[in-house]
Every structure is written in structure tokens, then in C-alpha cells.
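Trainee: Would you mind keeping the following structure in view while I ask a few things?
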Amino acid sequence: ATSDNVYRSQGYYANEPGHKLPITTDEDFLVWSRPAAFPDFYKLYRQIYIDLQPGTYLLDVEEYWDVTRFDGEKHVVIATQSWIGGKHEVLGIAMLVLGCISFVFAVGFILHHILSEGRKSS
């Protein structure tokens, strides 16, 4: 079934020339459409795998998804990440500590099980 609307038939939103419909395999659209858990959130757009030299950079920001209907805002954040994570290092440290404690308890339970089996057989 073809649409009588020339905009939709050419892949645009209704009555919005130049505003293309997103393709469902578009990775940017998939990231943007993933629901966020909280009202204030960050969504990863790109990762840069090379070292950036100090200086001035020009970003060309295009708006494909309107946020003005719900008083939303868009910002560009450039951040660095360490081996433990990015913005919330406390969470990474907490996970490491919890993992270490769990490992110690697991070793303790295994040793307790092995030693108590030896007492039962004698």
C-alpha cells in the first residue's frame, strides 16, 4: 500500500521535507530510542579511540529528534574514561570490593566444605 502523502512515500515525516524517517538499523536511532531509567540521563553517541590533541574542535550538531515538546535539552559532553569506568568511579570501586568479598567468602565456604567432609569420614 502506497501513501498519497508525497513526504511519507519518500521517507520523510508527514509534511516535514528534509526530516527523514529513521531507519530501524540506524545505530544512532537505536541508542536514542532506548528508554532511560531516570529523567536526567546520558546516552553514549560515539567513542573516540585515539588521543585528541589539545586545541579547538568544531562539532556539527544536527537535530533529528525533537525534545522541545517535553521541555527536554540536549548537551554535548566529552569525557575520559579510566579502566574502572567513566563518570561514576565509586560504583566501579564498590563492584570491585563486593566481588573481592564474594570471592573470599566463596573460598571460605569451599574450604569449610572440604575440611568438614574430612572430619565426617574419620
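Every number here is computed from the coordinates shown, using simple stated rules; none is lab data. On a predicted model such as this, the values are computed, not experimentally measured, just so you know. Positions of Cβ are generated from backbone atoms using ideal geometry, with glycine treated the same way; all protein chains shown enter the neighbour counts.
Trainee: Under a crude label model (7 Å from the Cα following the beta-carbon direction), how far is Asp28 from Arg69 in nanometres?
Mentor: Simple spin-label model gives 2.0 nm for this pair.
Trainee: If packing is taken as the average count of other Cβ atoms within 10 Å, what order do 96-102, 56-62 fall into, highest mean first?
Mentor: Final packing ranking: 96-102, 56-62.
Trainee: Order these peptides, 27-33, 70-76, by their mean beta-carbon neighbour count within 10 angstrom, highest first.
Mentor: 27-33, 70-76
Trainee: How much length is gained if the chain between Phe109 and Gln47 is pulled fully straight, taking 0.36 nm per residue apart and subtracting their Cα-Cα distance, in nm to one decimal?
Mentor: Between Phe109 and Gln47, full extension yields 18.1 nm more.
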